[in-house]
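Comments concern the structure below.
The values are calculated or read from the model by the stated rules, or taken from the named source; none is laboratory data. No experiment lies behind these values; they were computed from the predicted model shown. For neighbour counting, all protein chains shown are included, and Cβ atoms are generated from backbone atoms with ideal geometry for every residue, glycine included. Remember, those area values only see protein heavy atoms, side chains included, never the ligands or the DNA or RNA. Shrake-Rupley method; radii C 1.70, N 1.55, O 1.52, S 1.80 Å.
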Amino acid sequence: MNEYETDIGEWQSFGGDPVRDGNEDADVVFAHVSDLHGQLTPRYQVYYDNPTSKPNLDFGDDDHVVKRGGGIPLLAAKLEELREHQDVCTLMSGDTFHGSAVTTYTRGRAMLDPINDHLAPDIYVPGNWDYSNEPAEDGNFLELMDTLDAPVLANNLYDWETEERLYDPYRLIDVGGLSVGVVGMTNIYVDRMAPAFSEGKYRFGKHPALLEESAQAVREDGADVVIAVTEIGLPWMVQAAKDCRSVDLMFSAHTHEYTYDPIVVEETETVVVESGMGEALGRVDLRFRDGELQFRHHLYCLTEDGEHTPAPDADAAETVEAVRAPFLENDPGFERGGGTLDRPLDTVVGQTENPLYRQSFLESAWNTLFNDALQAHFDTDLAVSHGFRYGTAIPPGDITLGDLYTFFPMTAPVARGVAYGQQLTTHMEAFLQDNFTPYPYDQEDGRVRNYSSNVEVTVDPTAQRGRRLVEMRIDGEPLDPEETYSVATFRRPGDPERDLGNCGFPFQDVEVDDDTIPVDVIVEYLEKHSPVDYEVMGLVETADDGGRAQNTPADGPYPFIQPGVDYAAGGAYCETAMIPRTNTFPEEGRNRTR
C-alpha cells in the first residue's frame, strides 16, 4: 500500500457504544505481535470465513483460503509504517523462539537479531514454547529473555527454589501523552504441558486474581490506562476480563485466534483482542475524549497481496537471509537430540494433493497424516499425538523439509508401547474434560487428542464430567477396555520412562527409536505415499443427541465460545464473573499446580 491508511475501524467506547466524533486522531497506538513461532520468512496460512469475525478476503464458494504472508521483513515494514505516523507502543506475546528448523537447531538464538534489530518490541511477555529449550543440556530460557532489548514482564513466573519473582510484574511507560500501565502474564500451563520445561527451574502463578492485583498496583502508581499482555489463551482472557475490573485492554495470545472484531466485555468495560500467529499484526488505537477512554481496532493479515501490506523491509530481509543461509547449504550439519539436519531446508521431500494445515480443533488433515506416518513406521494398531493446532499451511504441490519442521519443530524420538483400551479411553476423557469444561479457567489449549485414520471417536461436549467420550472405534470395532493395543507416538523429554506422548499412564513393552524424530518419520511416509491426499474425514464426531462442537472457525461464532461448544445455542460461553468480588488471593496458591 502506497499511502498510510486511516480507515481501520470505528471509534468506540469501552462499553462498546459507537462514538459520534469521527476525528481520526489517536493518543497512542498499540501494535501486537504474537505467537511468531520462528517465522522468519513468509509462510502460508489458512484463513476462515467466520460468520462473526473474519478477514477482508475473497473466499468465493469456499469456507477458507490459504495465502502466503508474514515474516520478519513484512512485520518490520508494517511497524515502521505505523511508527512513522503515530506514537506506537509495540507489544510482543511469546512463543517466538520455537517453531522452525532454524529455531530448533539454534535453540532459539537465531531469533534474537531479527527481533532486537527490526521488530524492536517495547514489552515482551514469554509464552509456553519459549521454555522449550530447557530440556536440552544447555537450556537457555533466561539467556534468551535477558538478551532481548525489550523489558520482559511476567507477574506469575517464580524461581523454583526461592519462589521469588524472576521478572517485573508490570511497567509504567509514557507514550502519546498517556501514562500506560502494562501488566505481563506468562502461560500458566507450562508445568502441565511438559514438566521438563520447568521442573527444578520455574513455578507459575495460575490464579486470574494475579492480573487484578498487578493492575491495581500499576494504577496506584499513576497509570491513566492499564493494559495486559498475556500468553494464556483467549477463553481464559475473556473470562478474566469479566473478573478483573482494573484492566482496560487485554492482548491475548497462545490459542492463535484471529479477533478481526474486538471482544467487548460490557460488564467491566474491558476489551480483549488476540492477533493470530506470526503473519498478523494487531492494532489498537486509544484516545481520551471528554474524559472518556475510546478505542478502535484492526487486525492486519499481512498476506503478500493484502490491502495494507507494505513492501518487505530490505534491512530485515538481509538479516533474515544471513540467519537462514547455513540451513540452505548442501549439508548444514546441525544436530540436536535425536535430530540431524543433513540436507538443505528447501529440499523437496514429497507432494500433497490438498492443502495441509491444522488450525482446527477436533480433527485436521495434517494431524491424521502425521499419525498415519507414525503407525506405518512402527506397524502398530494405532497412533496418537497431541492434536496441536499451531503451525502454518502447505498448499497443494511440493512439500519441503523446512515445511515439515514448522509442524513438528522438536527432536524428541518417536516411540511405541502397548496400552489397555481402558487406559486409552480414560486418557481421552481427561483431554475432553480439559477442553469442554464450561469453567474457562480450567480449559487448556483448545485441542483434543488426534489419532491415525483407522480410529474414530464420538464425543458429547455438553455431557457431565467423565461421560464426554461416547465411543472409540479402531478399524470399525469398538475399543475393548480389557484388550491391549500397540500404540505409536513419541517420547517427550523428562517424562517417566514408560509414559509416552503425554498420555499420562505407563505403557507396556516400550520401544524408543532414539535416532528417529517425527520429521524423519514423515519424510519416510511421504517417500512411499506421495502425492498424499488428506482432508478432514469426520474421524471425530459429536453424538446425535449431544452438544455440538465446531472444528474450525467457519463452523460457527468462533472464537467467542471455547472451544466452539454450543453451551447456549451459540451464545457467549460464560455470561458472568467467576471470582467473587470479595475474593482474597491465597498467598500459598501462587506457585502450585491446580
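Results for (1) among the basic types (Lys, Arg); (2) open to solvent by 60 Å² or more (accessible area, probe 1.4 Å); (3) touching a Lys or Arg at 6+ places or on another chain (Cβ under 7 Å), shown as yes or no for each residue.
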{"site": "468", "(1), (2), (3)": "yes, no, no"}
{"site": "473", "(1), (2), (3)": "yes, no, no"}
{"site": "486", "(1), (2), (3)": "no, no, yes"}
{"site": "506", "(1), (2), (3)": "no, yes, yes"}
{"site": "513", "(1), (2), (3)": "no, no, no"}
{"site": "518", "(1), (2), (3)": "no, no, no"}
{"site": "524", "(1), (2), (3)": "no, yes, no"}
{"site": "531", "(1), (2), (3)": "no, yes, no"}
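Looking across segment 239-253, the residues that are at pLDDT 90 or above and within 26 Å of residue 47 (Cα to Cα) come down to 249, 250, 251, 252, 253. Among the residues of segment 100-121, the one identified as closer than 22 Å to residue 181 by Cβ and in contact (Cβ under 8 Å) with a residue 60 or more places away in the chain is 121. The strands (runs of 3 or more DSSP E) located wholly in segment 134-213 that include 1 or more residues which are open to solvent by 10 Å² or more (accessible area, probe 1.4 Å) and hydrophobic (A, V, I, L, M, F, W, C) occupy 170-175, 178-185. Within segment 264-307, the residues that satisfy the criterion of being touching a residue at least 12 places away in the same chain (Cβ under 8 Å), open to solvent by 10 Å² or more (accessible area, probe 1.4 Å) and either among the hydroxyl-bearing types (Ser, Thr, Tyr) or part of a loop (DSSP other than H, G, I, E, B) (or both) are 266, 267, 268, 269, 304, 305, 306, 307.
Considering every residue within segment 254-263, establish whether at least one is more than 21 Å from residue 141 (Cβ to Cβ), modelled with pLDDT of 95 or more and in a loop (DSSP other than H, G, I, E, B). I'd like the intermediate steps shown before the answer.
Here is the first cut: in segment 254-263, the residues more than 21 Å from residue 141 (Cβ to Cβ) are 255-263.
Now narrow it down to the ones that are modelled with pLDDT of 95 or more: none.
Within segment 254-263, none of the residues are more than 21 Å from residue 141 (Cβ to Cβ), modelled with pLDDT of 95 or more and in a loop (DSSP other than H, G, I, E, B).
Mind listing just one residue for me: the one in segment 339-357 that is among the hydrophobic types (A, V, I, L, M, F, W, C) and surrounded by 16 or more Cβ atoms within 10 Å (Cβ to Cβ) and, of those, farthest from residue 413 (Cα to Cα)?
Narrowing segment 339-357 to residues among the hydrophobic types (A, V, I, L, M, F, W, C): 341, 345, 348-349, 356.
From the residues that got through so far, the ones that are surrounded by 16 or more Cβ atoms within 10 Å (Cβ to Cβ) too are 341, 345, 349, 356.
Working: 341: 15, 345: 20, 349: 20, 356: 23 Å.
Step by step, filter segment 339-357, then rank; the result is 356.
Name every residue in segment 245-254 that is touching a helix residue (DSSP H, G or I) at 6+ places or on another chain (Cβ under 8 Å) and either touching a residue at least 60 places away in the same chain (Cβ under 8 Å) or open to solvent by 10 Å² or more (accessible area, probe 1.4 Å) (or both), in order of residue number.
Here is the first cut: in segment 245-254, the residues touching a helix residue (DSSP H, G or I) at 6+ places or on another chain (Cβ under 8 Å) are 245-247, 250, 252, 254.
Across segment 245-254, the qualifying residues are 245, 246, 247, 252, 254.
Here is a check on your reading of the model: is residue 257 under 22 Å from residue 83 (Cβ atoms), buried (at least 24 other Cβ atoms within 10 Å of the Cβ), touching a strand residue (DSSP E or B) at 6+ places or on another chain (Cβ under 9 Å) and touching a residue at least 40 places away in the same chain (Cβ under 8 Å)? Considered against the rule, which asks whether it is under 22 Å from residue 83 (Cβ atoms), buried (at least 24 other Cβ atoms within 10 Å of the Cβ), touching a strand residue (DSSP E or B) at 6+ places or on another chain (Cβ under 9 Å) and touching a residue at least 40 places away in the same chain (Cβ under 8 Å), residue 257 comes out as no. Among the residues of segment 354-383, those identified as under 24 Å from residue 128 (Cβ atoms) and out of contact with any helix residue (DSSP H, G or I) (no Cβ under 7 Å at 6 or more places or on another chain) are 359, 360, 361, 362, 363, 364, 367, 371. Here residue 493 meets the list (1) under 30 Å from residue 40 (Cα atoms); (2) surrounded by 21 or more Cβ atoms within 10 Å (Cβ to Cβ); (3) at pLDDT below 95 almost entirely, failing just condition (2). Residues of segment 314-333 being outside any loop (DSSP other than H, G, I, E, B) and either open to solvent by 90 Å² or more (accessible area, probe 1.4 Å) or modelled with pLDDT under 95 (or both), which ones? If the condition is that a residue be outside any loop (DSSP other than H, G, I, E, B) and either open to solvent by 90 Å² or more (accessible area, probe 1.4 Å) or modelled with pLDDT under 95 (or both), then 315, 318, 321 are the ones that fit.
Looking only at segment 415-433, decide whether some residue is over 25 Å from the mean Cα position of the chain (by Cα), of a type in the set (Asp, Glu) and farther than 20 Å from residue 514 by Cα. Please lay out each step first, then the result.
Residues of segment 415-433 that are over 25 Å from the mean Cα position of the chain (by Cα), as a first pass: 415-426.
Now drop any that are not of a type in the set (Asp, Glu), which leaves none.
No, every residue in segment 415-433 fails to be over 25 Å from the mean Cα position of the chain (by Cα), of a type in the set (Asp, Glu) and farther than 20 Å from residue 514 by Cα.
Per the conditions (1) open to solvent by less than 20 Å² (accessible area, probe 1.4 Å); (2) within 29 Å of residue 405 (Cβ to Cβ); (3) hydrophobic (A, V, I, L, M, F, W, C), the sole criterion not satisfied by residue 536 is (1).
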